[in-house]
Amino acid sequence: MKTLVIVAHPNIETSVVNKRWIEELKQYPEKYTVHELYKDYPDGKIDIEKEQKLIESHGSLVLQFPIYWFNCPSVLKEWLDEVFTYGWAFGSNGGDHLQNRKVALAVSAGAKQSDYSENGKYRHTLEQILIPFETTLFYCDADYRSIYAFYGNEGATEEDIEPEKNELTKSARGLVKFIDNL
C-alpha cells in the first residue's frame, strides 16, 4: 500500500526544505500520497471523516512539518486532536485504526544539529523535543518508526548557499529512502 504523507507547513511557497521534500515525493505517485493540510483546509475546518478514510486507505503514515516553537504548526496539532478520536484511533470501542500502522515524522529544523543536543543551545535533542508525538503514537498502538530530520544553518552566508542546495537534494533523496524502509 502507498504511504500517506501529511504535510503541515503554513508557508509552503516560501519553504526551502519542505517544498523540496514534496517535489521529491511527488516524483513517485505510485508510492506516496502527499496531503497538504494548509492547502486543503485554509479555513482550518478539518473534515474528520475524510481524513480518517484517507489514513485507512494507506499503509504507512508520515507527518511532515517544520519545527515551530519546538512543536508542530497549529494545523497539525488541530488535525491530530480532531482525527485521532476515541473509538477510531484508540479506545475500547473499535479504536484500532492506527494499531500496528507504521508512522514516522519528517521534520525540518532551522537550527544546527549541534543546537539540538544536551550541551547545545536548546539543551535537548530533537528526539526529546518530539517525545509528545512518539507518546501519542504509542498510545494509539501505532508502530512508531522515529524521525527523519533536516537541520538548518541559521545565519548562513552567501557562500553557504550552493553546498546547502546539494545537502537539500541529498536530504530529499534520503527522505524517500527513509520512508521506503519504514
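The values are calculated or read from the model by the stated rules, or taken from the named source; none is laboratory data. Since we're looking at a predicted model, the values are computed, not measured. Methodologically, a virtual Cβ is constructed for each residue, glycine included, from the backbone with ideal geometry; neighbour enumeration extends over all protein chains shown.
The rows are residues; the columns are (1) buried (at least 17 other Cβ atoms within 10 Å of the Cβ); (2) at pLDDT 95 or above.
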site	(1), (2)
PHE133	yes, yes
LEU137	yes, yes
ARG145	yes, yes
GLY152	yes, no
GLY155	no, no
GLU159	no, no
GLU162	no, no
LYS165	no, no
LYS170	no, no
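Any chance the stretch 103-122 includes a residue that's within 16 Å of ILE6 (Cβ to Cβ) and among the aromatic types (Phe, Trp, Tyr)? Scanning the stretch 103-122 turns up no residue that is within 16 Å of ILE6 (Cβ to Cβ) and among the aromatic types (Phe, Trp, Tyr).
Filtering the stretch 34-56 to residues that are without any contact (Cβ under 8 Å) to a residue 12 or more places away in the chain and of a type outside the set (D, E, K, R) leaves only PRO42.
Yes/no per residue for (1) under 17 Å from PHE65 (Cα atoms); (2) more than 13 Å from the chain's Cα centre (by Cα):
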{"position": "GLY95", "(1), (2)": "no, yes"}
{"position": "LEU98", "(1), (2)": "no, yes"}
{"position": "ARG101", "(1), (2)": "no, yes"}
{"position": "ALA104", "(1), (2)": "yes, no"}
{"position": "ALA111", "(1), (2)": "yes, yes"}
{"position": "SER117", "(1), (2)": "no, yes"}
{"position": "HIS124", "(1), (2)": "no, yes"}
{"position": "ILE129", "(1), (2)": "yes, yes"}
{"position": "PHE133", "(1), (2)": "yes, no"}
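For the stretch 9-48, taking the residues that are among the hydroxyl-bearing types (Ser, Thr, Tyr) and in a helix (DSSP H, G or I), the one that is farthest from the chain's Cα centre (by Cα) is identified as THR14.
For the stretch 16-33, a residue qualifies if it is in contact (Cβ under 8 Å) with a residue 60 or more places away in the chain and either within 24 Å of TYR68 (Cβ to Cβ) or of a type in the set (Lys, Arg) (or both), and the qualifying residues are VAL16, VAL17, ASN18, ARG20, TRP21, GLU23, GLU24, LEU25, LYS31, TYR32.
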